[in-house]
Each structure stands twice: as structure tokens, then as C-alpha cells.
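Worksheet for the structure shown next.
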Amino acid sequence: DFSKAMSQAGTSQFQEVIRQELEYSMKVELDKILATAPSNELEYAKKDLEGFKKLFHRFLQEKGPSVDWGKIQRPPEDSINPYEKIKARGLPDNIASVLNKLVVVKLNGGLGTSMGCKGPKSLIGVRNENTFLDLTVQQIEHLNKSYNTDVPLVLMNSFNTDDDTKKILQKYSHSRVKIYTFNQSRYPRINKETLLPIAKDVSYSGENTECWYPPGHGDIYASFYNSGLLDNLIGEGKEYIFVSNIDNLGATVDLYILNHLMNPPNGKRCEFVMEVTNKTRADVKGGTLTQYENKLRLVEIAQVPKAHVDEFKSVSKFKIFNTNNLWIALSAIKRLQEKNAIDMEIIVNPKTLDGGLNVIQLETAVGAAIKSFENSLGINVPRSRFLPVKTTSDLLLVMSNLYSLNAGSLTMSEKREFPTVPLVKLGSSFTKVQDYLRRFESIPDMLELDHLTVSGDVTFGKNVSLKGTVIIIANHGDRIDIPAGALLENKIVSGNLRILDH
């Protein structure tokens, strides 16, 4: 046992030496990169690389999945409130003064590349020519007009989306919404083999674009604070932010949740509220809220030890998942940021660049900070508050007559008899938005649809109706054109347009 202990000590010493060498080499490379910064960019570059250095240091310290599976417990009953209970409290007469304490923050760092679009995802048209950003502005403008309030919109951009977003913001200059932006950090991608940055200088245009990445939405705390905007908003008397992904069309300002935050029933305010919703089979990968060392904690699939992944995905054990709709106290962000006390697990995201080089990027997730805040709470909200558009299959749902659009908000049509959303799977011919749009002369009637699968070279004529379960599969080399006005109810369409009953 003695020799075993000695060899373990030797191993840990050896690992420590390796760690120190890696950190030193990283520091040397980052100093070289910083030396190439022009004077007007020096301050920003310095802040970014300092933040990255801290993250890299933590990455070298941590070993394996960052949760001990044995310590994970179900959250206590009172730590996740049903939305119905919060809504039942009603609204006070002074809801306008409560609204004036709110800031809406949208995470706007993502590009539309997964849907075949160049530029910011928020500028993709989703409904009646309106983009994600248009709908967001309309929602907040409607609030401000209805209650005579001044709720501002803040966009967290990345270096990928900042220029294009700022150009488009001019079109809202006459709307009744103040719009602010700040940029999340820009971190260097690391070569997977050497663990050194692949960037040689600070520039990020042209061929250098691939050298840098925005480090996930967990970066919001530091970059919001560093931008000075956090202090300005606190100075204006703002108290809470409502943060959500800009592509989640269900994430509208909810007055009942806001009232619960500002006027808590027990008199003790929450610093952090996470909206969760019930899992379906489609959501098995979403992060879930657990009780861990007496704190509410978000556990993501990447942190789960391999042996427990199936258990994590089980709908029966972990019934809810994080919608990434979060309500956070501004004063708490400031306090924790100044103490350097926001603790988020590192997500290691491996990527292969166009030239075949394997890199990793170190990221954090905004919801993971829940354990650093006092008096956190989960609220189990209706599924309608989670309506993300990640793919053209999602886009088909929100463009269809399943939803009606009112003041920038989408609501499920009352004509649909059951509140669940149909399961839609469009094949690879539909992945890019422009291909998808070309394949539908008009969006089909989907009010009575349960399930749609489309694969291969398929087009839809005008005024098609889909009901029940519809499966359309064009064989390789074949093409299927669904004629205008067709009604497909519980049908399988295959090969060269044989229509079979399902």
C-alpha cells in the first residue's frame, strides 16, 4: 500500500508539473497574441484574454465529469413551484411600476449556419416576413404601450453577429423600445493535441475567423458587468433581467412570474428563477434541475458520467428540463461578479475546422450559475413558453396555422383540439431555409396533424392539408410532388407516389 501511495503521489506531482508547463506555454502564446493588438483594441483584447486564462486554468484543474452521481437528489417539493400556483395570486394594481424594474435580455450570439443562413440567426424570417428580432421588439413595444412603461431590450451579441445586428437596429429607432447591445467575450480556440491557441494575432477577419469563438452564454455575467451596462441599468432603478434565447418564440415577458419575484409571498426575494417545463421524449438531452449539496443545481448531459446517461435521459426520474428562460436580480450579478464568485462548470466543445484540424472550445452555460445565487427557485411553466426554432422542422410549425400571431407573440390556435405540438421531421433536402421555402408553395394546414415525416425530394403544392400521421418518403432518384389542394390523412406516400392508408 505504501508503494501504491508513493506512486500515486508521484503521479499527481507529475500531473501538477505538466499542468504548470501547459499554463506557462499558454501564457506565453497569449502574450504574443496580445502584443499584436492595435492600441484602440488593447483594453478589450486584454479583458478577453484574462477571462480566457482563468477558464483555461480551471479546465486544467478539473478532472472528468464535474458531478458526483451519488450526491444528486431530486429537488425538494418547494424548490420548484407550479406556474398555476404563481398565476393564481393574480396581479397587483401597480403592475406598471413593477414592469418598470425589468430589463429584457436576449442571447443573440448565434449564427444561422445550422439552417443554411449567413449572418445572425435573429435576422431569419419566421412569420409574415417578421424576423426573431422583429417579433421581440413588437412584444416589448406592445408591453410599453399597454402599460405606459419603459422596459428596455438588451441584446448580447457575439463578434459574429454584432455588426449585422447594429446595422439592422436603425430600423427600430422610432419604436417605443430602448435597445442596448453589449458583446460577449472573444476567446481563442485551442488545438486539441497541443492545447495551445491556433490564433497568431488578435485579428478575427478573413482566414482568422476560425481561430476565435464566443464562449457560450454563461459569459453573460462577466461581459454584461464589464460593458458598464449593468451599472447603468441599476442606476436607472432596474432590478431584474429576464434572459432567454432569441430563437425561443415562447419566451415572452410573463407578468405573473415578474410579480412573484418583486412581491414574494414569504417576503424573501429570489435572486435567480429558472423556468423549467415537463420533458417529453423529444427533450431527453435538456439540462435538468437537481438538489446537490443542499443547493439547486443545473446538471447538463455533458457532465453526466457515461454509466448514468440513460438514467439521466429517463423521463420518469428527471421529469423537467431547463427552458433557458431565466429571471435574475441585477444587484446579485453585480455582487457575485465583484467577488469573482460565480461558479459554472466548464463545457468542453470539440470542433473540427474546415481544414480538418481538431480544436476544442471552452464554454459555460448561463443557467449553471444558479447554485451561486441565494434563494433560487424553479418554476414549472407550460410547454407553450418553450418554442425554440432550431431547425426548419421547427420553422414549419411556427409558420403554420397551428399558431396565431398577435403583437409579436405566437399562441396556439384555439381550433387545435389538443395542446401538444405535432412531431415534425423534415429530411436533409429541407435543412437549409432557402431549400425549405422552395419546397412549399404554401404552408400546409396542420391543425389536425399528429406526426409528419418527410424524406427525399418532396414538394408541396398550394393549400395542402395534413391530418393524423403522414409519412412521405421519396426514394433516391425519385421525386414526389404533393398536388395542390391534396388532403393527406393517416397516409404513407412512398416511392413514385403510391398513397397508402396508415
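The values are calculated or read from the model by the stated rules, or taken from the named source; none is laboratory data. Keep in mind that what you see is a predicted model, and the values were worked out from it rather than measured. For neighbour counting, all protein chains shown are included, and Cβ atoms are generated from backbone atoms with ideal geometry for every residue, glycine included. Surface accessibility is based on the protein's heavy atoms, side chains included, excluding ligands, DNA and RNA. Shrake-Rupley method; radii C 1.70, N 1.55, O 1.52, S 1.80 Å.
Points worth noting:
- With respect to the conditions (1) touching a Ser or Thr at 6+ places or on another chain (Cβ under 7 Å); (2) closer than 28 Å to ARG19 by Cα; (3) free of Cβ contacts under 8 Å to residues at least 60 places away in the same chain, TRP212 falls short on a single one, namely (1).
- Identification of strands (runs of 3 or more DSSP E) wholly contained in the stretch 428-502 with 2 or more residues that are crowded, with 18+ Cβ neighbours inside 10 Å yields 445-455, 457-460, 465-473, 479-482, 487-494.
- Criterion (out of contact with any Phe, Trp or Tyr (no Cβ under 9 Å at 6 or more places or on another chain), outside any helix (DSSP H, G or I) and among the β-branched types (Val, Ile, Thr)) met by exactly one of THR165, THR181: THR181
- Taking the conditions (1) touching a Phe, Trp or Tyr at 6+ places or on another chain (Cβ under 8 Å); (2) open to solvent by 20 Å² or more (accessible area, probe 1.4 Å) in turn, THR323 satisfies each one other than (2).
- Residue that is least open to solvent (accessible area, probe 1.4 Å) [pool: residues in the stretch 117-139 that are within 14 Å of LEU396 (Cα to Cα) and assigned to a strand (DSSP E or B)]: VAL126
- Filter result for SER114 (assigned by the TED database to the domain that holds ASP219, modelled with pLDDT under 95 and open to solvent by 30 Å² or more (accessible area, probe 1.4 Å)): yes
Residues checked against (1) assigned by the TED database to the domain that holds ILE346; (2) open to solvent by less than 50 Å² (accessible area, probe 1.4 Å); (3) over 26 Å from ILE379 (Cα atoms):
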site	(1), (2), (3)
PRO197	yes, yes, yes
CYS211	yes, yes, yes
TYR225	yes, no, yes
GLY250	yes, yes, no
ASP254	yes, yes, no
THR288	yes, yes, no
ASN294	yes, no, no
VAL304	yes, yes, no
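- Single match in ALA332, ALA407, ALA369 (criterion: open to solvent by less than 40 Å² (accessible area, probe 1.4 Å), touching a His at 6+ places or on another chain (Cβ under 8 Å) and under 30 Å from LEU135 (Cβ atoms)): ALA407
- Contact map, the stretch 341-357: residues that are surrounded by fewer than 11 Cβ atoms within 10 Å (Cβ to Cβ) paired with residues that are among the β-branched types (Val, Ile, Thr), Cβ distance under 6 Å, separation 6+ or inter-chain. Pairs shown: PRO350/ILE360.
- Filtering the stretch 311-320 to residues that are at pLDDT below 85 and either open to solvent by 70 Å² or more (accessible area, probe 1.4 Å) or not assigned by the TED database to the domain that holds THR290 (or both) leaves SER316, LYS317.
- Verdict on ALA341 being touching a Lys or Arg at 6+ places or on another chain (Cβ under 9 Å) and assigned to a loop (DSSP other than H, G, I, E, B): yes
- Count of the stretch 402-446 residues which are within 16 Å of GLY456 (Cβ to Cβ) and aromatic (Phe, Trp, Tyr): 3
- The single condition from (1) within 14 Å of ILE246 (Cβ to Cβ); (2) free of Cβ contacts under 8 Å to residues at least 40 places away in the same chain that LEU155 fails is (2).
Rundown of residues vs (1) closer than 30 Å to ARG58 by Cα; (2) not assigned by the TED database to the domain that holds TRP212, yes/no style:
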{"site": "ASN340", "(1), (2)": "yes, no"}
{"site": "GLU345", "(1), (2)": "yes, no"}
{"site": "GLY355", "(1), (2)": "yes, no"}
{"site": "ILE379", "(1), (2)": "no, no"}
{"site": "SER400", "(1), (2)": "no, yes"}
{"site": "GLY408", "(1), (2)": "no, yes"}
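- For the stretch 14-23, the criterion of being at pLDDT 90 or above, within 21 Å of PRO215 (Cα to Cα) and in a helix (DSSP H, G or I) is met by at least one residue.
- Note on the stretch 214-251: residues that are over 20 Å from SER122 (Cα atoms) and part of a loop (DSSP other than H, G, I, E, B) amount to 6.
- Among the numbered conditions (1) assigned to a strand (DSSP E or B); (2) open to solvent by 40 Å² or more (accessible area, probe 1.4 Å); (3) not basic (Lys, Arg), the only one that ILE379 does not meet is (2).
- Complete set of residues in the stretch 80-95 that are closer than 25 Å to ILE320 by Cα and assigned to a helix (DSSP H, G or I): TYR83, GLU84, LYS85, ILE86, LYS87
- Which listed residue is open to solvent by 10 Å² or more (accessible area, probe 1.4 Å), farther than 17 Å from SER244 by Cα and not hydrophobic (A, V, I, L, M, F, W, C), from GLU271, GLU300: GLU300
- Restricting the stretch 382-395 to residues that are open to solvent by 50 Å² or more (accessible area, probe 1.4 Å) and over 15 Å from the mean Cα position of the chain (by Cα), the residue that is nearest to PHE132 (Cα to Cα) is SER384.
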